[in-house]
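Quick notes on the structure that follows.
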Amino acid sequence: MTAEGAARTLRSMRSDYGPNKVSLRLAFRPFVDMFQFRGRSTRTEVLSFWLLGLLSSLIYFLYSYPPSAFERVIESIWFVLWNWPWIPLLVRRLHDQSRSGRWAALPLIAVTLFALNWWFAPAGNDLDMNLAPGPINLHRTIGWSPLTITSSIVFVAIIIANFAFYLLPGTGGANRFGPDPRLDAQPALALAET
């Protein structure tokens, strides 16, 4: 691609929507940057991506109810494709708050707690646990125990902390992870065109 072709592509990608407005382009950015753990992202990007997922999930579930075995496999693939971009997006949100991306490993503790409850909690009739990866549907009913109560409290605290990390405001201006993503990138585009 020539420099002129690159400048033309950049001009065609411009929109009137800035980095602080919900847009379809911003909603697809986590898919484009799904392996990008560097840089920063805005809360608006999180909101746009969440709205896109909500709309697409609503359309899928309205169309495919009750799901067949094939649709459950497609649902599993969709689950992976939809959930993976949230991880680098969380890392970039943490970077926007001038925090280490290692905090993004916090949800792994929640997954570990779910596994501990699945295997070690006593059987009972109090709490239903379902795990349905694709055509396989695993179900277990457990009783309340000190392990179950403690892990449930920690699980809820981790979910709330994870939600807060997505929504806490970022630091203003540049930080150690890069420039402020809320500032308009028009000067950078103008430099790329020359």
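The values are calculated or read from the model by the stated rules, or taken from the named source; none is laboratory data. Every value quoted in this text rests on a predicted model; they were computed, and no experiment measured them. With ideal geometry, Cβ positions are generated from the backbone for all residues, glycine too; neighbour counts draw on all protein chains shown. What goes into the accessible areas is simple: the full protein's heavy atoms, side chains included, and nothing from ligands, DNA or RNA. Shrake-Rupley method; radii C 1.70, N 1.55, O 1.52, S 1.80 Å.
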Subject >> Meets criteria (farther than 30 Å from Gly178 by Cα, open to solvent by 20 Å² or more (accessible area, probe 1.4 Å) and either small (Gly, Ala, Ser) or at pLDDT 90 or above (or both)) for Ala157 >> reply: no
Original post:
Take the residues of segment 21-78 that are in contact (Cβ under 8 Å) with a residue 40 or more places away in the chain and among the hydrophobic types (A, V, I, L, M, F, W, C): which is nearest to Asn175 (Cα to Cα)?
Top reply: Phe37
Original post:
When segment 20-54 is examined, which residues are found to be open to solvent by 30 Å² or more (accessible area, probe 1.4 Å) and in a loop (DSSP other than H, G, I, E, B)?
Top reply: Asn20, Lys21, Val22, Asp33, Met34, Phe35, Gln36, Phe37, Arg38
**OP:** State all residues of segment 80-129 that are of a type in the set (D, E, K, R) and within 26 Å of Thr42 (Cα to Cα); if no residue qualifies, say none.
**Re:** Arg92, Arg93, Asp96, Arg99, Arg102
Subject >> Some residue of segment 40-62 being of a type in the set (Phe, Trp, Tyr) and modelled with pLDDT under 80 >> reply: yes
Subject >> segment 119-131 - residue that is of a type outside the set (Asp, Glu) and open to solvent by 40 Å² or more (accessible area, probe 1.4 Å) and, of those, modelled with the lowest pLDDT >> reply: Leu131
